[in-house]
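Structure record follows, encoded as structure tokens.
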Amino acid sequence: MKVLFICTANMCRSAAAEKLALHLGGKALEARSRGTEVGPYGAMPRSVREFLAGEGVQVGEHKPALIAETDVDWADLILVMENRHYEILADRFPQSMRKMQLFLDYCDGSEEAELEDPLGKGTEVFNNVLGRIKGGVIKLVAKLA
């Protein structure tokens, strides 16, 4: 299964979900991450890198990338972190609607649950968001197995 994770800047939420999915998913799962509003100088925050390292994930180089039609066409499943990402993709790429879900709704069954953007917020928010991403990815991998 090809899963595309979407957030705003492709530095925290979607990037962490992609790296965890690749780490935990084995051969059954291909993953990419993209953003809806990627800036030219973005980088994955140290707190995300440290969290992933603590999970045994080799992060390597991560350059935030803006979503493109080729990404939408590649994906079997598109998981967005917020409703506004859903709306942006539905507007830009109408073909994405049939395979798009909110991340927490799809993975955890948390209906209409959005995953807060931790950028610019404290350690507690980062830890909460990253923990929810980890839990969601674990459930996603189990669901797809």
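Can you confirm whether segment 118-131 contains a residue that is hydrophobic (A, V, I, L, M, F, W, C), under 24 Å from ARG46 (Cβ atoms) and not in a helix (DSSP H, G or I)?
To start, the set of residues in segment 118-131 that are hydrophobic (A, V, I, L, M, F, W, C) comprises 119, 125-126, 129-130.
Pick out the ones that are also under 24 Å from ARG46 (Cβ atoms) and you get 119, 125-126, 129-130.
If we keep only those that are not in a helix (DSSP H, G or I) as well, we get 119.
Yes, that holds for at least one residue.
Can you tell me which residues in segment 2-55 are at positive phi and either buried (at least 21 other Cβ atoms within 10 Å of the Cβ) or polar (S, T, N, Q) (or both)? Give the derivation first.
Looking only at segment 2-55, we keep the residues that are at positive phi, and these are 10, 26.
Residue satisfying the conditions is ASN10 alone.
Sort out which residues of segment 113-145 are among the acidic types (Asp, Glu) and under 16 Å from the mean Cα position of the chain (by Cα), and write them in order of number. Steps first, please.
Let us first name the residues in segment 113-145 that are among the acidic types (Asp, Glu), namely 114, 116-117, 124.
Once the filter is applied, which keeps residues that are among the acidic types (Asp, Glu) and under 16 Å from the mean Cα position of the chain (by Cα), segment 113-145 yields GLU114, GLU116, ASP117.
Go through (1) closer than 23 Å to ARG98 by Cα; (2) out of contact with any helix residue (DSSP H, G or I) (no Cβ under 9 Å at 6 or more places or on another chain); (3) of a type in the set (Val, Ile, Thr) and name the single condition THR8 misses.
(2)
Can you give me the number of residues within segment 32-61 that are more than 23 Å from SER96 (Cβ to Cβ) and either charged (D, E, K, R) or in contact with a strand residue (DSSP E or B) (Cβ under 9 Å, 6 or more places away or on another chain) (or both)?
If we filter segment 32-61 for residues that are more than 23 Å from SER96 (Cβ to Cβ), which is where we start, we get 40-41, 43-61.
From what is left, the residues that are either charged (D, E, K, R) or in contact with a strand residue (DSSP E or B) (Cβ under 9 Å, 6 or more places away or on another chain) (or both) are 46, 49-50, 55, 61.
Residues in segment 32-61 being more than 23 Å from SER96 (Cβ to Cβ) and either charged (D, E, K, R) or in contact with a strand residue (DSSP E or B) (Cβ under 9 Å, 6 or more places away or on another chain) (or both): 5 in total.
Which members of segment 118-140 meet the condition of being exposed (fewer than 12 other Cβ atoms within 10 Å of the Cβ) and either closer than 13 Å to PHE5 by Cβ or modelled with pLDDT of 95 or more (or both)?
Filtering segment 118-140 down to residues exposed (fewer than 12 other Cβ atoms within 10 Å of the Cβ) leaves 120, 122-124, 131.
If the condition is that a residue be exposed (fewer than 12 other Cβ atoms within 10 Å of the Cβ) and either closer than 13 Å to PHE5 by Cβ or modelled with pLDDT of 95 or more (or both), then GLY131 is the only one that fits.
Checking ILE88 against (1) of a type in the set (A, V, I, L, M, F, W, C); (2) surrounded by 13 or more Cβ atoms within 10 Å (Cβ to Cβ); (3) under 28 Å from ALA142 (Cβ atoms), which single condition isn't satisfied?
(3)
Given the criteria within 20 Å of GLY135 (Cβ to Cβ), among the small types (Gly, Ala, Ser) and without any contact (Cβ under 8 Å) to a residue 60 or more places away in the chain, does ALA43 qualify? Walk me through it before giving the result.
Numbers: within 20 Å of GLY135 (Cβ to Cβ): no; among the small types (Gly, Ala, Ser): yes; without any contact (Cβ under 8 Å) to a residue 60 or more places away in the chain: yes.
In short, no.
Go through (1) farther than 10 Å from ASN10 by Cα; (2) within 16 Å of the chain's Cα centre (by Cα) one by one and return the number of the condition GLN58 breaks.
(2)
The values are calculated or read from the model by the stated rules, or taken from the named source; none is laboratory data. Keep in mind it's a predicted model, so treat the numbers as computed, not measured. Here the Cβ is made from the backbone with ideal geometry for all residues, glycine too, and neighbour counts use every protein chain on show.
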